[in-house]
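S.K.: Structure in structure tokens, see below.
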Amino acid sequence: MVSPLLMRSILFPLFLSLSVVQSRSYTSSEKIQLPGDSLVLSVTDFGATGDGIHYDTSAIQSAINACNHHYTTSSSSICRVTFPPGTYLTAKLHLRSGVHLDVTENAVLLGGPRIADYPGETSSEWYVVVAKNATDVGITGGGAIDGQGSKFVVRFDERKNVMVSWNQTGACLGDECRPRLVGFVDSTNVQIWNITLREPAYWCLHIVRCENTTVHDVSILGDFNTPNNDGIDIEDSNNTFITRCHIDTGDDAICPKTYVAPLYNLTVTDCWIRTKSSAIKLGSASWFEFKGLVFDNITISESHRGLGMQIRDGGNVNGITFSNMNISTRYYDPSWWGRAEPIYITTCPRDSSSKEGSISNILFVNITIVSENGVFLSGSPNGLITDIKFKNMNITLRRWSNYTSGLVDYRPGCQGLMNHSATAGIIMEHVNGFSVENVDLKWSDDNLNHWNVPLEFRPSTVNNVSFAGFSSGLLHEIV
């Protein structure tokens with residue numbers, strides 16, 4: 001017969017272990033953890049209310065920290081912090097290594113609108129969610145992260161909203177002093193998928209000096225009239241893959257930049273984009289090299305610019321491919337950079353202290369364009385555009401907005417916004433090596449006074465031009 005004391009010594013540890021397991025509320029899809037399993041923690045178990053009124057910052061951060069502790073101490077797989085349906089108001093959150101935020105369907109992570117919600121010495125540290133120096137981090141779940149961008153609008157304007165600025169703190173200058181939505185900084189193995197990022201007050205998704213980043217099946221929904229609410233900014237980062245994203249926003253949609261290091265191996269595929277600025281733009285921050293970038297199977301709808309390069313700071317661009325695209329560009333208010341150019345490639349110094357960068361080996365292939373303006377290829381005397389090729393392209397020029405044409409836009413810097421008497425199908429200056437193969441350029445007859453010349457360039461600044469299968473003529477539409 002076992003004595004009561006011995007029985008107690010056997011049962012008490014078992015009871016204690018069961019109590020620990022039962023004290024945590026698991027989702028229906030979750031199992032009791034076994035060695036090597038991924039741990040799942042719910043923010044509600046750490047005290048989050050999800051009522052959209054009270055701040056849940058402390059509870060969410062505690063869950064993230066607990067997940068990170070599990071990841072770093074147990075050498076196990078990635079830990080998930082899950083958000084059940086609800087609205088979780090928060091100040092700035094720090095995402096840690098080994099943690100994926102799982103914002104489930106019908107859950108919203110809501111960024112606070114107060115300056116006190118974003119501690120940091122400078123505005124570069126203002127994010128709703130940010131991971132710094134992290135490994136194996138991500139965001140997913142089918143829900144949404146919302147920056148409450150409308151609360152940062154001082155005056156709503158269909159041409160361009162006037163935004164609040166927090167520059168009175170001295171943390172930044174000008175009218176761009178607002179928090180970004182999501183950032184990954186100096187991080188490795190980053191994943192963002194199956195999530196909606198909406199209403200950013202400033203940039204939406206910011207990838208800074210990261211290695212091995214994947215973004216897929218993400219919807220980015222910004223206010224179409226709000227400036228500086230970029231979709232995805234990729235800065236000084238390498239080996240980045242973006243696919244199956246829907247981006248509808250006011251400012252640049254996909255924007256690689258180089259501030260302190262080169263940017264290599266960026267691939268973007270199967271995306272849909274609409275913007276009042278550039279759908280895809282390299283720059284204008286361009287102090288270092290861009291190399292090995294591929295953009296494929298992308299639809300650009302009713303945007304102010306299609307494919308752009310603004311090289312202003314001495315960096316060089318080499319080996320870029322744009323393929324299998326449908327592009328529609330139109331005029332918007334001239335307070336936005338751009339004049340409806342479907343392709344806009346420029347290199348000129350930002351100011352008198354800037355260097356001239358170069359652009360070379362650029363391929364455009366299998367592209368259909370409908371636009372209110374022509375292609376603009378503008379190098380500079382010491383920053384030539386070289387070896388650019390158009391292959392299998394259909395370009396249709398027609399007008400459908402009421403904005404003034406006849407302007408050429410060099411902004412930022414350079415010559416600014418310039419009057420230009422001709423509206424050409426393709427304008428070139430400071431180009432050495434431009435080849436065309438199977439390109440058809442058509443002009444709408446809605447108002448022939450808009451269109452003056454298919455090609456415009458000065459032989460003194462453009463050399464080594466070749467045409468194989470180039471046609472140009474009036475568009476005959478079937479009614």
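The values are calculated or read from the model by the stated rules, or taken from the named source; none is laboratory data. It should be emphasised that the depicted structure is a prediction, and the values quoted were computed from it without experimental measurement. Reconstructed Cβ throughout: ideal geometry from the backbone, glycine too, with neighbour counts over all protein chains shown. Note: accessible area is taken over every heavy atom of the protein model, side chains too, but ligands, DNA and RNA are not part of it. Shrake-Rupley method; radii C 1.70, N 1.55, O 1.52, S 1.80 Å.
S.K.: Quick one: in the range 179-201, which of the residues that are at positive phi and in a strand (DSSP E or B) is farthest from the chain's Cα centre (by Cα)?
M.R.: Among those that are at positive phi and in a strand (DSSP E or B), it is N189.
S.K.: With the range 320-389 as the region, which strands (runs of 3 or more DSSP E) entirely inside it contain at least 3 residues that are farther than 14 Å from I427 by Cβ and under 24 Å from the mean Cα position of the chain (by Cα)?
M.R.: The qualifying strands (runs of 3 or more DSSP E) are 359-371.
S.K.: Moving to a separate point now. Can you tell me which residue among I64, I60, I115, I145 is modelled with pLDDT of 95 or more, among the β-branched types (V, I, T) and over 19 Å from V190 (Cα atoms)?
M.R.: I60
S.K.: Within the range 414-423, restricting attention to residues that are open to solvent by 30 Å² or more (accessible area, probe 1.4 Å) and in a loop (DSSP other than H, G, I, E, B), which residue is farthest from S335 (Cα to Cα)?
M.R.: S421
S.K.: Of everything in the range 297-346 that's touching a residue at least 60 places away in the same chain (Cβ under 8 Å) and hydroxyl-bearing (S, T, Y), which residue is nearest to P227 (Cα to Cα)?
M.R.: Filtering the range 297-346 for residues that are touching a residue at least 60 places away in the same chain (Cβ under 8 Å) and hydroxyl-bearing (S, T, Y), the one nearest to P227 (Cα to Cα) comes out as S335.
S.K.: What tally of residues in the range 58-83 results from selecting those that are farther than 15 Å from T135 by Cα and either among the hydrophobic types (A, V, I, L, M, F, W, C) or surrounded by fewer than 20 Cβ atoms within 10 Å (Cβ to Cβ) (or both)?
M.R.: Summing the residues that are farther than 15 Å from T135 by Cα and either among the hydrophobic types (A, V, I, L, M, F, W, C) or surrounded by fewer than 20 Cβ atoms within 10 Å (Cβ to Cβ) (or both) in the range 58-83 gives 9.
S.K.: Using beta carbons and a limit of 7 Å, which pairs, at least six apart or on different chains, have the first residue in the range 378-389 and touching a residue at least 12 places away in the same chain (Cβ under 8 Å) and over 22 Å from G413 (Cα atoms) and the second one open to solvent by 10 Å² or more (accessible area, probe 1.4 Å) and hydrophobic (A, V, I, L, M, F, W, C)?
M.R.: Correct list of pairs: K389/L363.
S.K.: Within the set of pairs 6 or more residues apart or between chains, which connect a residue that is within 20 Å of Q168 (Cβ to Cβ) and part of a helix (DSSP H, G or I) inside the range 107-129 to a residue that is open to solvent by less than 40 Å² (accessible area, probe 1.4 Å) and of a type in the set (A, V, I, L, M, F, W, C) with Cβ atoms less than 6 Å apart?
M.R.: Pairs found: I115/W166; D117/A91; S123/A171; S123/C172; S123/C177.
S.K.: Let me ask you something else. Just to be sure, is R198 closer than 17 Å to N229 by Cα, surrounded by fewer than 24 Cβ atoms within 10 Å (Cβ to Cβ) and in contact (Cβ under 8 Å) with a residue 24 or more places away in the chain?
M.R.: So R198 fits the description; yes.
S.K.: Only one residue in D409, D446 is closer than 25 Å to K276 by Cβ, modelled with pLDDT under 90, touching a Lys or Arg at 6+ places or on another chain (Cβ under 7 Å) and surrounded by 15 or more Cβ atoms within 10 Å (Cβ to Cβ). Which one?
M.R.: Exactly one residue qualifies, and that residue is D409.
S.K.: Let me ask something else about it. Failed condition for S284, given (1) more than 23 Å from E158 (Cα to Cα); (2) out of contact with any Pro (no Cβ under 9 Å at 6 or more places or on another chain); (3) open to solvent by 10 Å² or more (accessible area, probe 1.4 Å), with all others met?
M.R.: Checking S284 against (1) more than 23 Å from E158 (Cα to Cα); (2) out of contact with any Pro (no Cβ under 9 Å at 6 or more places or on another chain); (3) open to solvent by 10 Å² or more (accessible area, probe 1.4 Å), the one that fails is (2).
S.K.: From the list G222, G250, which one is touching a residue at least 24 places away in the same chain (Cβ under 8 Å), small (G, A, S) and open to solvent by less than 10 Å² (accessible area, probe 1.4 Å)?
M.R.: G250
S.K.: Which of the residues belonging to the range 449-466 are modelled with pLDDT under 95 and open to solvent by 50 Å² or more (accessible area, probe 1.4 Å)?
M.R.: N449, N452, E456, F457, R458, P459, S460
S.K.: Next up: Based on this model, can you work out whether N402 counts as of a type in the set (S, T, N, Q), more than 17 Å from S472 (Cα to Cα) and in a loop (DSSP other than H, G, I, E, B)?
M.R.: Here the answer is yes, as N402 does meet what is asked.
S.K.: Test D186 against the criterion of being touching a helix residue (DSSP H, G or I) at 6+ places or on another chain (Cβ under 8 Å), open to solvent by 30 Å² or more (accessible area, probe 1.4 Å) and either touching a residue at least 24 places away in the same chain (Cβ under 8 Å) or closer than 25 Å to D270 by Cβ (or both), and give yes or no.
M.R.: no
S.K.: Please specify each residue of the range 139-173 satisfying the condition of being hydrophobic (A, V, I, L, M, F, W, C), in a loop (DSSP other than H, G, I, E, B) and without any contact (Cβ under 8 Å) to a residue 40 or more places away in the chain.
M.R.: Scanning the range 139-173 gives V164, L173.
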